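Okay, so here's the structure we're looking at.
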Amino acid sequence: MQLSGYALVCDSCFPVCLLNSVQLSIFSSKISAVCDEMGAVLRRSAFSPNIRDRLDFSCAVFSPKGELCAQAAHIPVHLGSMAYAMVDLVNHFDWAEGDTLVVNDPYLGGTHLPDVTLVSPVFFREELVGFVANRAHHADIGSESPGSMPISRTLEEEGIVISPQFLARDGKIQNDIWHEIERRLGAGSDTRGDFLAQLGANQKGAVRLSSMVAGFGVQQFFEGLQELNQYAEKLARSFYDEIPDGIYEAEDFMDDDGQGQAAIPIRLCMRVKGSGIELDFTGTHKQVSGNINCPVSVAAAAAYYVFRCLLPDYTPACAGVFKPIQLKAPKGTLVNAERPHAVAAGNVETSSRLVDLVMAALRKALPARMAADSQGTMNNIAMGASGSQSWSYYETLGGGMGAHAKGPGLSAVQSHMTNTLNTPIEVLETRFPLRIRTYALRDNSGGKGKYHGGEGLLREYEFLSSAKVTLLTERRSFSPKGESGGGDGARGINLFNGQKLPAKVQLDVKPNDRIQINTPGGGGYGTA
């Protein structure tokens, strides 16, 4: 049976299927809607521009075993890493109704410290039926560097590390935990409000998921989860099976680690046999002194994202999609770092380059389907000041997407792993002592070819008071590559009062100083 907007072939897939295709489609839509409503609550009740305006958050639903059941179309690096790490996380605790666990430790289920995750169990008639979770980026997580994205060497330099612990028990906030977080963060109004918004989102998700279970019945709900994952895995394998068997290798380089080490290689050997795929990162550089290291969950998120992009829109966003994919990431490398190595930029910059790396390997297998390189960076800028007029702000900037066999790349968009919005100029200038002097497309930054790569953008900040600024950027040394004869995208450029800056730098600014970010363009496709 073919349904408009949602293709499900039930009888041929599952001879013993208990839900027909219409019921399974409804089931999938309902559980996805739980995530969407959680996101709406979080956005509308958050205080900080980073969450309220940029939408730097994600929401998902998990099974009682911690397997992904559904996710909203939020941040790929958040969602993929949660899907990878949640099983281990939820099985380490005894859960009761009204509990909420908080964690940001990158080595225990997190990504980097600004991303704080709240996980809440959902019970129906005293039976655990699943978990709701949301992850949101906090511009202040206790680092001495405003924006909490420092040029760091150790995890502790990046802010407070919250190991998995209960923020709420039996519906009551644990005051000792909460007061310690407040003490270390300075009890800023945005921070408190954002934490409460995250709690509210989980509470709404728990109510909606319980209501869904009541409507289906517990047994049919669990059967629905099982069949949804079976269908997603079968659908994924049918598309992955189109990748020709073989071994496909790719290599790329990170610009630098911010601590003096440059041209840092990351390598991939992709082995395809049938619908099974192994991604082997053996040969990738060992973990470095700077903060471009990433936990293995972030590497998994990048890989999951690329393969999810091969699938049709109607594919359920659940654990079954990822079962055919196996990762091999040696410990102590850039893509599977170990404590206490810093990881602030690994979550944003290394994850972006890993997407380009996986796509480069897939180009050798599916040349007509894969686009050229995107900008390959999130262009992170963090800033703020301490004292009586303290403030803290962080944002990422869009750039060019790679062109492909059917057309040009998109211009000035948040590419691949970020999927956030920009902060409106009106909000930025109202909330902070800043003026945006220029915000425009960066002309001629996309790679040339039959189809041009997307253009980067230009954003220039004028500071109205003294502040500290941190830049964590990539693709300033290595250009986004074109494909099938297309030209490379332009490298990014960072300027301070007209003088070129390194890709990763922290500096003090005074009133009237200006920082201009020119983001990379995407690679072109084909010969003109």
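Identify, please: which residue in segment 10-19 is open to solvent by less than 60 Å² (accessible area, probe 1.4 Å) and not in a helix (DSSP H, G or I) and is, among those, modelled with the highest pLDDT? Spell out the reasoning first.
Step one: list which residues in segment 10-19 are open to solvent by less than 60 Å² (accessible area, probe 1.4 Å), which gives 10, 13-14, 17, 19.
Still in the list and also not in a helix (DSSP H, G or I): 14, 17, 19.
Working: PHE14: 36, CYS17: 47, LEU19: 68.
Applying the filter and picking the extreme gives LEU19.
Select from segment 233-252 the residues that are of a type outside the set (Ser, Thr, Tyr), open to solvent by less than 60 Å² (accessible area, probe 1.4 Å) and assigned to a strand (DSSP E or B) and list them in ascending order. Hits for segment 233-252 are GLY246, ALA250, ASP252. If you go through segment 458-476 and keep only what is closer than 17 Å to SER445 by Cα and of a type in the set (S, T, N, Q), you end up with just THR473. Considering each residue of segment 490-520, count those that are assigned to a loop (DSSP other than H, G, I, E, B), more than 20 Å from ALA262 (Cα to Cα) and not polar (S, T, N, Q), and give that number. The qualifying residues number 4. When the residues of segment 504-528 are filtered to those that are buried (at least 24 other Cβ atoms within 10 Å of the Cβ) and out of contact with any Phe, Trp or Tyr (no Cβ under 9 Å at 6 or more places or on another chain), which remaining residue is nearest to TYR461 (Cα to Cα)? Across segment 504-528, the extreme among qualifying residues is THR519. Of all the numbered requirements in (1) of a type in the set (A, V, I, L, M); (2) open to solvent by less than 10 Å² (accessible area, probe 1.4 Å); (3) within 27 Å of PRO502 (Cβ to Cβ); (4) in contact with a Phe, Trp or Tyr (Cβ under 6 Å, 6 or more places away or on another chain), ALA263 misses one, and that requirement is (2).
Hey, among THR377, THR350, THR420, which residue is among the β-branched types (Val, Ile, Thr), crowded, with 24+ Cβ neighbours inside 10 Å and in a loop (DSSP other than H, G, I, E, B)?
Numbers: THR350 fails: in a loop (DSSP other than H, G, I, E, B); THR420 fails: crowded, with 24+ Cβ neighbours inside 10 Å.
THR377 is the lone residue from the list that is among the β-branched types (Val, Ile, Thr), crowded, with 24+ Cβ neighbours inside 10 Å and in a loop (DSSP other than H, G, I, E, B).
Restricting attention to segment 89-122, the residues being part of a helix (DSSP H, G or I) and either at pLDDT below 85 or open to solvent by less than 10 Å² (accessible area, probe 1.4 Å) (or both) number 2.
Run down GLU474, GLU429, GLU460 and say which single residue is surrounded by fewer than 19 Cβ atoms within 10 Å (Cβ to Cβ), not in a strand (DSSP E or B) and not aliphatic (A, V, I, L, M). Don't jump to the end; show me each part of the working.
Details: GLU474 fails: surrounded by fewer than 19 Cβ atoms within 10 Å (Cβ to Cβ); GLU460 fails: not in a strand (DSSP E or B).
Being surrounded by fewer than 19 Cβ atoms within 10 Å (Cβ to Cβ), not in a strand (DSSP E or B) and not aliphatic (A, V, I, L, M) holds for just one of GLU474, GLU429, GLU460, which is GLU429.
For segment 305-342, the tally of residues that are part of a strand (DSSP E or B), of a type in the set (Ser, Thr, Tyr) and open to solvent by 50 Å² or more (accessible area, probe 1.4 Å) stands at 0. Given the structure, is PRO340 in contact with a Leu (Cβ under 9 Å, 6 or more places away or on another chain) and either at pLDDT below 95 or more than 25 Å from VAL87 (Cα to Cα) (or both)? For PRO340, the condition - in contact with a Leu (Cβ under 9 Å, 6 or more places away or on another chain) and either at pLDDT below 95 or more than 25 Å from VAL87 (Cα to Cα) (or both) - is not met.
For beta carbons closer than 6 Å, sequence separation of 6+ or different chains, a first residue in segment 142-168 that is under 15 Å from THR111 (Cα atoms) and a second that is of a type in the set (Lys, Arg) and open to solvent by 10 Å² or more (accessible area, probe 1.4 Å), the qualifying pairs are ILE160/ARG184. Being in contact (Cβ under 8 Å) with a residue 40 or more places away in the chain, in a strand (DSSP E or B) and open to solvent by 30 Å² or more (accessible area, probe 1.4 Å): is that true of LEU268 here? So LEU268 does not fit the description; no. Figure legend. Inter-residue proximity from segment 430-449: first residues over 22 Å from GLY526 (Cβ atoms), second residues basic (Lys, Arg), beta-carbon distance below 6 Å, spacing 6+ or different chains. Indicated pairs: TYR439/ARG459. Exactly one residue among SER163, SER152 is open to solvent by 20 Å² or more (accessible area, probe 1.4 Å), assigned to a loop (DSSP other than H, G, I, E, B) and farther than 20 Å from CYS59 by Cβ, and that residue is SER163. Quick check on MET86: is it open to solvent by less than 10 Å² (accessible area, probe 1.4 Å), among the aliphatic types (A, V, I, L, M), under 25 Å from LYS323 (Cβ atoms) and touching a Lys or Arg at 6+ places or on another chain (Cβ under 8 Å)? Considered against the rule, which asks whether it is open to solvent by less than 10 Å² (accessible area, probe 1.4 Å), among the aliphatic types (A, V, I, L, M), under 25 Å from LYS323 (Cβ atoms) and touching a Lys or Arg at 6+ places or on another chain (Cβ under 8 Å), MET86 comes out as no.
Scanning segment 380-414 for residues that are part of a loop (DSSP other than H, G, I, E, B), within 26 Å of SER145 (Cα to Cα) and open to solvent by less than 20 Å² (accessible area, probe 1.4 Å) yields THR396, LEU397, GLY398.
Let's see how each residue does on (1) within 17 Å of ILE381 (Cβ to Cβ); (2) in contact with a strand residue (DSSP E or B) (Cβ under 6 Å, 6 or more places away or on another chain):
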position	(1), (2)
ARG437	yes, yes
ASN444	no, no
GLU455	no, yes
TYR461	yes, yes
PRO502	yes, no
GLY524	no, no
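The single condition from (1) assigned to a loop (DSSP other than H, G, I, E, B); (2) touching a residue at least 60 places away in the same chain (Cβ under 8 Å) that VAL77 fails is (1). All told, PHE216 falls short of being open to solvent by less than 10 Å² (accessible area, probe 1.4 Å), among the hydrophobic types (A, V, I, L, M, F, W, C) and touching a residue at least 40 places away in the same chain (Cβ under 8 Å).
Going through (1) surrounded by fewer than 20 Cβ atoms within 10 Å (Cβ to Cβ); (2) modelled with pLDDT of 95 or more one by one, LEU3 falls short only on (2).
For segment 20-45, filtered to residues that are among the aliphatic types (A, V, I, L, M) and open to solvent by 10 Å² or more (accessible area, probe 1.4 Å), the residue that is farthest from SER81 (Cα to Cα) is VAL22.
Would you confirm, using the coordinates I've provided, whether LEU155 is among the hydrophobic types (A, V, I, L, M, F, W, C) and in contact with a helix residue (DSSP H, G or I) (Cβ under 6 Å, 6 or more places away or on another chain)? Reasoning before the result, please.
On the way: among the hydrophobic types (A, V, I, L, M, F, W, C): yes; in contact with a helix residue (DSSP H, G or I) (Cβ under 6 Å, 6 or more places away or on another chain): no.
Considered against the rule, which asks whether it is among the hydrophobic types (A, V, I, L, M, F, W, C) and in contact with a helix residue (DSSP H, G or I) (Cβ under 6 Å, 6 or more places away or on another chain), LEU155 comes out as no.
Considering the conditions (1) touching a strand residue (DSSP E or B) at 6+ places or on another chain (Cβ under 6 Å); (2) among the aliphatic types (A, V, I, L, M); (3) open to solvent by less than 10 Å² (accessible area, probe 1.4 Å), ILE177 is excluded by exactly one of them, (3). If you filter segment 446-457 down to residues that are assigned to a loop (DSSP other than H, G, I, E, B) and within 25 Å of the chain's Cα centre (by Cα), you find that the one that is surrounded by the most Cβ atoms within 10 Å (Cβ to Cβ) is GLY453.
The values are calculated or read from the model by the stated rules, or taken from the named source; none is laboratory data. Quick caveat, the model's predicted, so the values are computed rather than measured. Glycine also receives a Cβ, built like all others from the backbone with ideal geometry; neighbour counts cover every protein chain displayed. To get the accessible areas, we keep the full protein, side chains included, count just its heavy atoms, and leave off ligands, DNA and RNA. Shrake-Rupley method; radii C 1.70, N 1.55, O 1.52, S 1.80 Å.
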